Structure formats: structure tokens, C-alpha cells
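The values are calculated or read from the model by the stated rules, or taken from the named source; none is laboratory data. This is a predicted model, so every value here is computed, not measured. Neighbour counts run over all protein chains shown; Cβ positions are idealised from the backbone, glycine included.
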Amino acid sequence: MKIRLAACLQPDSIVDGEGIRTVIWTQGCSHHCPGCHNASTWDFDGGALVDVDDVITELRGIKNQDGITLSGGDPIFQADACYEICKAAHEMGLNVWCYTGFKYEQILFNPKARRLLEQIDVLVDGRFVEEEKSFDIYFRGSRNQRIIDVPKSLEKEQVVLIDKYMEDKSYEINYKKPQYMFI
Ligand code: SF4
């Protein structure tokens, strides 16, 4: 099976979800949100076709990561290939975040996307809305987007947000005074 990627795997990201993550930049998106930072990923014929097995082999070789993040582009357009990658990532002990322009509720009613959803731990959903853009929020581009705990949402059959990431960033500095000074 092949997947169309916009770029090489990007290890060691600290801005695409919690912890240290390898980002998989998928190619292809039809949402065309005004102000999108990744317009070069819209073209469904762009990027490069890569074997899913090769992506998984490369992932196995990347050390000291907490998880993977599917981004793009919109990974939901390549649900089957992403499903295989996420399943393998879980087997490696990695957690899975996914960014999509679709809403969680839309994904639920598409069988292939729903199957992928079951391999996702955290979904950041919704289109990027320029008027709601903010630098004071965690892991999202605009305030309309939601950071969703997928396993809990599936279990409760309603969207469960991750509250700590839906709050605004705190700029308080937690400086701890050293007990002893060696000078
Ligand atoms: S969904 Fe994401 S990649 Fe697609 S147009 Fe919107 S911001 Fe860009």
C-alpha cells in the first residue's frame, strides 16, 4: 500500500502534540482554509508516493519519541494507509495525534475514516479559521478547533475534550530558587 507524503518524516517535534513526536506530513487537502500555512500540501497529485511499509520501517528506526502526529494536508483522505501506520505505531508503544479539517462528527459516519479514528488517541479537528487564529492556545491554529480525547469520546459516544489543552497558555515562569549556592 502507498501513501502520498508532502515531506520526509520529521522526528523530534515539540509543537505538534504532547511530548516529542515524529510528524508525518500527508499530501492532499480539499478544505482550502484561507490563511493555511501548508497550501503546498493541497494538491492530491503533489508530494511523493511512498510505500507504507517503508514509512513503518523508518519509524522503527527513530528513537526517543513519545508518539507520531499525522498532519498535512488532511490525513483523513488517506485513511487506509494512515490506519496501517497508526496501528504499527501503537505496536511500537507510540501514541497517535491527528490533525484534520473535518469535524469529529463527520469522521464518525465515514466507515474508512471511522476505522482510522479507532487508532487515534488525540484528534485536533476542524478547519483553520483565520479570524479565530491565536498564538495563546496549545497545539491549535484557531480557537474553533478542538483537542479531543478519542478513546473516551468513542466510549461515551460524545465529544470529550482534553481540558488542559483547551485552556489558554500560561506565561507564568515557575522559577524554583536553588536551596544552596556554591559560589
Ligand atoms: S485543513 Fe489544514 S492543511 Fe487543509 S487547508 Fe485547512 S489548514 Fe490547510
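General observations
- The residues listed here are 62, 85, 107; of these, the one that is more than 14 Å from the chain's Cα centre (by Cα) and more than 14 Å from the ligand (Cβ to nearest atom) is 62.
- Pairs with Cβ under 7 Å, 6+ apart, first in the stretch 19-46 and of a type in the set (Lys, Arg), second more than 9 Å from the ligand (Cβ to nearest atom) and part of a loop (DSSP other than H, G, I, E, B): 21/65; 21/66
- Selection of the stretch 102-152 for residues being touching a Phe, Trp or Tyr at 6+ places or on another chain (Cβ under 7 Å) and over 19 Å from residue 68 (Cα atoms) yields only 142.
Every residue, every condition in (1) in contact (Cβ under 8 Å) with a residue 60 or more places away in the chain; (2) within 24 Å of residue 12 (Cα to Cα), yes or no:
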| residue | (1), (2) |
| --- | --- |
| 72 | yes, yes |
| 83 | no, yes |
| 106 | no, no |
| 109 | no, no |
| 112 | no, no |
| 119 | no, yes |
| 123 | no, yes |
| 130 | yes, no |
| 133 | yes, no |
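- Options 22, 41; residue that is within 17 Å of the chain's Cα centre (by Cα), near the ligand (Cβ under 8 Å from one of its atoms), modelled with pLDDT of 95 or more and not hydrophobic (A, V, I, L, M, F, W, C): 41
- Comparison of 135, 102 shows that the only residue that is over 16 Å from the mean Cα position of the chain (by Cα) and in a loop (DSSP other than H, G, I, E, B) is 135.
- Reported count of residues in the stretch 12-62, each being within 18 Å of residue 80 (Cα to Cα) and of a type in the set (D, E, K, R), is 4.
- Candidates are the residues of the stretch 5-19 that are in contact with a Ser or Thr (Cβ under 9 Å, 6 or more places away or on another chain) and in a loop (DSSP other than H, G, I, E, B); the one that is farthest from the ligand (Cβ to nearest atom) is 9.
- Residue 43 being of a type in the set (Asp, Glu), in contact with a strand residue (DSSP E or B) (Cβ under 7 Å, 6 or more places away or on another chain) and more than 25 Å from residue 149 (Cβ to Cβ): no
- Meets criteria (under 22 Å from residue 137 (Cα atoms), out of contact with any strand residue (DSSP E or B) (no Cβ under 9 Å at 6 or more places or on another chain) and either assigned to a helix (DSSP H, G or I) or within 16 Å of the ligand (Cβ to nearest atom) (or both)) for residue 29: no
- Qualifying residue in the stretch 56-65 (condition: modelled with pLDDT of 95 or more, within 30 Å of residue 159 (Cα to Cα) and crowded, with 22+ Cβ neighbours inside 10 Å): no
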